[in-house]
Amino acid sequence: MQDLLAVEELRVAYGSAEAPLEAVRGVTLALAAGECVGVVGESASGKTQLCLATMGLLGRGARVSGRVRFAGEDLVGMPLRRLNQLRGARLAMVFQDPQTALTPHLRIGTQMAEVLVVHRGAGWSAARAAALAMLGRVGIEDPGWCLERYPHELSGGMRQRVLIGACLLSEPQLLVADEPTTALDVTVQAQVLELLARMRRESGMAILLVSHDLAVVAGLADRIAVMYAGRIVELAATARLLSGPRHPYSAALLQCVPDIRGPIPVRLPTLPGQPPAIGERAGGCPFAPRCERREARCLVETPPLTADDEGGAHACHRPLPARAGRP
Amino acid sequence: MSTLRFLIARLSSAVPTLLCIVTITFFLIRFAPGGPFDQEQALPADVAANLNAAYGLDRPIVDQYLRYLHGLLHGDFGPSFRYRDFTVTELIDQGLPVSFTLGGIALLIAVIAGVGVGTLAAVGRGGMADRTVLGLAVLGVAVPSFVLLPALGLLFGVELHWLPVAGWNPGRVDDMVLPVVTLALPPLAYIARLQRGSMSEALQSPYVRTAFAKGLPLRTVVLRHALRPALIPVVSYLAPAGAMVMTGSLVVETIAGLPGIGRYLVQGALNRDYTLVLGMVIVYSTLLIALGLVADLLIAALDPRVSLEA
C-alpha cells in the first residue's frame, strides 16, 4: 500500500551555504492513510520545522532538500498554485498557539467558511452553514453565537476547537498538529486530544501529532518518532516504545514523565544538560554528551537509524536491550 | 452608542487644547520684537498712536487677549493688520478651499499610493519592486519641495508643455497636478516605508501562516488577512502626514503662486500680523486635531479588539 505521506531524507537549513544551520538533518518518516504518528522531542529538536516542511510553509530563508511526498506528489519545490490546491483541502495544519493563530479582525464564521469557499467553490452562505455544523461537531456549545464572534472573544480552548474545525471542514486526509495542546490548560488539553481522537475515528484521516509531551502523544499515536537535534533517534510502535525504549534518549524521556500515583520523589528525575545548539552539531551522536551509555565511538561516528527486528528503528551504537516477553 | 460618546468626549476635550494653543500663540507672538506697523522708516508718533488705538493695541495685553477670545466665540478672527480692508476670516475663507483641495487630494494620493506601493514592496520583499520602492522612498523624503516643484515644472511645463508651471484658475485640474504631486510625494514616500514594514510584519504573523496553511491564494491572504492590521501604523501616521502636507503647502503655494492659506502663516509671522498668525494657527490645529480623531476612529474600525475610550 502506498504511504499517504512519505518524508525522505528531509533536510531544512538556515543561514549561509558555508555555515549552514541545520534544523532538520535527514528525517525519513512515513504515514499510512488513517495512521497517527506522534513526534516527540525537546524544544529545537526540529519538530516544528518538520511540520512546516510538510505543509510547504517554511519561510524564504529555509533551504530544503529531500522529499516530502504526499499521495505520491513531492511537496518540496512544488509550484505554489498546486500547493495551494492541496493544503487546506487534502492536508491541513493545527498550530501551537491558538491565541495568535486566528486573524484578529475576522469573525470566526469567515475564517472557517473561507476554506470551503476557496477549495470547493462554495457560496459564502452555504460555507457558513457548514461551518456552523462543524462548530457543533467540535464541541462548541453555542455554534450560532460563536460563528459571529471575533477570536479575542473566545477562550483558548474554544479557539483551538475552531482551528481544528476549520481544518476538518474540507475533510483532509492528513492533519498536521504541531503542539496542539501546549498552550492550553491541562483540562482543556485532555478535551482537545479527545476531540482529535474522535475526529480521527469519524473521518479516518491520518494525523502527524507533534508534542514535547510524551503523555500527549501516547494516547493517540499508533507509532512514535523520537527526535533529537534534528534527527529521528527512535521510531517504534507506541506500546513498544513506552514499555521498552531502545535509544537511551527515549528511555531518559520516559523517566522524566512523573507518575502521580506513586510516592513523590524528592527530586523529579530530569535529564541533565541540554541539546547541542543548532550551530554546534559536530560529528558523532548528538546525544552522546548527555548519554550515560556513551563510548568512544559515539563521539566520532554518527549512528544511522537502523531497523530493529520488531518493526521499529533506532539510531544508537549501544542501544538498550530489547525486552523479552513484551506484548 | 459608545462611538457617539467617544466623539462627544473627544470634541469637548479639543476645546481646552485649542484654548491652550491660542493662549500660548497669542502671548508668544506678542513677545516677538517689532510690531505690525513697523516699516523701514519709523511712523510719526501720532500716526502710530492712532493706529494702535484703532486696532486696540494700546489696551493692556490681558484685556486684548480677553477681547480676542470674545471675538473668537462669535466666529470673529479679527481684522488683519497687514492686509488692510480684510478680516482674517475673509482671508481664510478665500484661501482655505484652495489649500484644502490641494492638501486633501495630496493626502489621499499619499495614503492610497503609499499603501499600495508599500504592500507590493513587502510582498516581493528583497526583489526588484522592493528595492525600487525603497530607493524612491528615500528620494521622496530627501528631496525638498522647493527643489522638486521647480524641477517638475521645468520638465513637464517648460520642456514638454504638458502642464502649467504655476498659476491658478479655479476649476482647472491641470493647474493642480504639479503642486499636488509635490505635496503628496514626501508623505507618500514615508507611508510606503511604513506600510512596507507593517505589511512585512503582518505577513510573518502566526495568523497569516494559518491563512497560508488553508491554501488561500496570496492575494486573498494579503488583502483579507494581512492588510487591515498592517494599515494601523499608517492610520496612526495620518495626523503627522497632514502636518507634513501643511508645511509643504507653505512652500508649494508660494512657488506655484497659488491663492491658498499656506503663505499666510509665514508672511503673517514675519509681518507681526498678530490676528492672521492666530487665525492660521487655529485653522491648522483644528485640522490636526480632526485628523487625529479620524485616525482613532479608523483604528477602532480596523481592529475589533480596540474599544473607543476618550
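The values are calculated or read from the model by the stated rules, or taken from the named source; none is laboratory data. Note that the coordinates shown come from a computational prediction; the quantities given were computed from them, not determined experimentally. Positions of Cβ are generated from backbone atoms using ideal geometry, with glycine treated the same way; all protein chains shown enter the neighbour counts. Just so you know, the surface numbers come from the protein's heavy atoms only, side chains and all, with ligands and any DNA or RNA stripped out. Shrake-Rupley method; radii C 1.70, N 1.55, O 1.52, S 1.80 Å.
Among the residues of the range A:133-158, those that are within 11 Å of another protein chain (Cβ to nearest Cβ) and surrounded by fewer than 24 Cβ atoms within 10 Å (Cβ to Cβ) comprise A:Arg149, A:Tyr150, A:His152, A:Glu153.
Within the range B:122-135, identify whether any single residue is in contact with a Leu (Cβ under 9 Å, 6 or more places away or on another chain), over 18 Å from B:Tyr190 (Cα atoms), more than 14 Å from chain A (Cβ to nearest Cβ) and open to solvent by 60 Å² or more (accessible area, probe 1.4 Å), and answer yes or no. No, the range B:122-135 contains no residue that is in contact with a Leu (Cβ under 9 Å, 6 or more places away or on another chain), over 18 Å from B:Tyr190 (Cα atoms), more than 14 Å from chain A (Cβ to nearest Cβ) and open to solvent by 60 Å² or more (accessible area, probe 1.4 Å). Scan the range A:57-79 for residues that are more than 19 Å from A:Met205 (Cα to Cα), in contact (Cβ under 8 Å) with a residue 24 or more places away in the chain and within 14 Å of another protein chain (Cβ to nearest Cβ) and report the count. Count: 4.
Taking the range B:48-106 only, how many residues are assigned to a helix (DSSP H, G or I) and either within 20 Å of B:Asp38 (Cβ to Cβ) or more than 23 Å from the chain's Cα centre (by Cα) (or both)?
Let us first name the residues in the range B:48-106 that are assigned to a helix (DSSP H, G or I), namely B:48-54, B:61-73, B:88-106.
Narrowing the set further to residues that are either within 20 Å of B:Asp38 (Cβ to Cβ) or more than 23 Å from the chain's Cα centre (by Cα) (or both) leaves B:48-54, B:61-71, B:73, B:88.
Of the residues in that region, 20 qualify.
Looking at the range A:106-123, which of its residues are within 25 Å of the chain's Cα centre (by Cα) and facing chain B (nearest Cβ under 9 Å)? Hits for the range A:106-123 are A:Gln111, A:Glu114, A:Val115, A:His119.
Take B:Val111 and decide whether it is under 23 Å from B:Ala226 (Cα atoms) and either part of a helix (DSSP H, G or I) or in the same structural domain as B:Val221 (by TED's automatic domain parsing) (or both). Taking the combined requirement at face value, the residue satisfies it. Being in contact with a Cys (Cβ under 9 Å, 6 or more places away or on another chain), acidic (Asp, Glu) and under 16 Å from A:Val216 (Cα atoms) holds for only one residue in A:Asp185, A:Asp178, and it is A:Asp178. I'm trying to understand the selection: among the residues of the range A:159-195, which are among the β-branched types (Val, Ile, Thr) and either surrounded by fewer than 23 Cβ atoms within 10 Å (Cβ to Cβ) or away from every other protein chain (no Cβ under 14 Å) (or both)? Listed by number, the residues that qualify are A:Thr181, A:Thr182, A:Val186, A:Thr187, A:Val188, A:Val192.
B:Val222 meets all of the listed conditions (1) more than 14 Å from the chain's Cα centre (by Cα); (2) modelled with pLDDT under 95; (3) buried (at least 20 other Cβ atoms within 10 Å of the Cβ) but one, namely (2).
If you go through the range B:91-102 one residue at a time, do you hit one that is in the same structural domain as B:Arg272 (by TED's automatic domain parsing), of a type outside the set (Val, Ile, Thr) and touching a helix residue (DSSP H, G or I) at 6+ places or on another chain (Cβ under 6 Å)? Yes: the range B:91-102 contains one or more residues that are in the same structural domain as B:Arg272 (by TED's automatic domain parsing), of a type outside the set (Val, Ile, Thr) and touching a helix residue (DSSP H, G or I) at 6+ places or on another chain (Cβ under 6 Å). Are any of the residues in the range A:196-208 more than 23 Å from A:Ala44 (Cα to Cα), surrounded by fewer than 16 Cβ atoms within 10 Å (Cβ to Cβ) and in contact with an Asp or Glu (Cβ under 8 Å, 6 or more places away or on another chain)? The answer is yes; a qualifying residue exists. Whenever a residue of the range B:197-209 is more than 11 Å from every other protein chain (Cβ to nearest Cβ), its partners that are of a type in the set (S, T, N, Q), lying with C-beta atoms within less than 6 angstrom and at least six residues away or across chains, give the pairs B:Met199/B:Thr119. Quick one: is B:Leu250 more than 14 Å from chain A (Cβ to nearest Cβ), in contact with a Lys or Arg (Cβ under 9 Å, 6 or more places away or on another chain) and part of a helix (DSSP H, G or I)? When the stated conditions are applied, B:Leu250 passes them. Could you say whether any residue in the range B:87-97 is among the aliphatic types (A, V, I, L, M), without any contact (Cβ under 8 Å) to a residue 24 or more places away in the chain and either under 21 Å from B:Glu201 (Cβ atoms) or open to solvent by 30 Å² or more (accessible area, probe 1.4 Å) (or both)? Looking through the range B:87-97, none of the residues is among the aliphatic types (A, V, I, L, M), without any contact (Cβ under 8 Å) to a residue 24 or more places away in the chain and either under 21 Å from B:Glu201 (Cβ atoms) or open to solvent by 30 Å² or more (accessible area, probe 1.4 Å) (or both).
For a quick check of your reading: which strands (runs of 3 or more DSSP E) sit entirely within the range A:1-69 and have at least 3 residues that are open to solvent by 60 Å² or more (accessible area, probe 1.4 Å)?
On the way: elements: A:5-14, A:21-31, A:36-40.
Per the criteria, A:5-14.
Answer with yes or no whether B:Arg84 is at pLDDT below 85, open to solvent by 50 Å² or more (accessible area, probe 1.4 Å) and not assigned by TED's automatic domain parsing to the domain that holds B:Glu253. In short, yes. Do we have B:Val221 as more than 30 Å from A:Arg90 (Cβ to Cβ) and in the same structural domain as B:Ala121 (by TED's automatic domain parsing) here? No; evaluated as a whole, the condition is false for this residue. Tally the residues that are more than 12 Å from every other protein chain (Cβ to nearest Cβ), of a type in the set (Ser, Thr, Tyr) and in a helix (DSSP H, G or I), restricting the search to the range B:211-247. Number of matching residues: 2.
The number of residues in the range A:80-105 being more than 7 Å from chain B (Cβ to nearest Cβ) and closer than 19 Å to A:Ile140 by Cα comes to 3.
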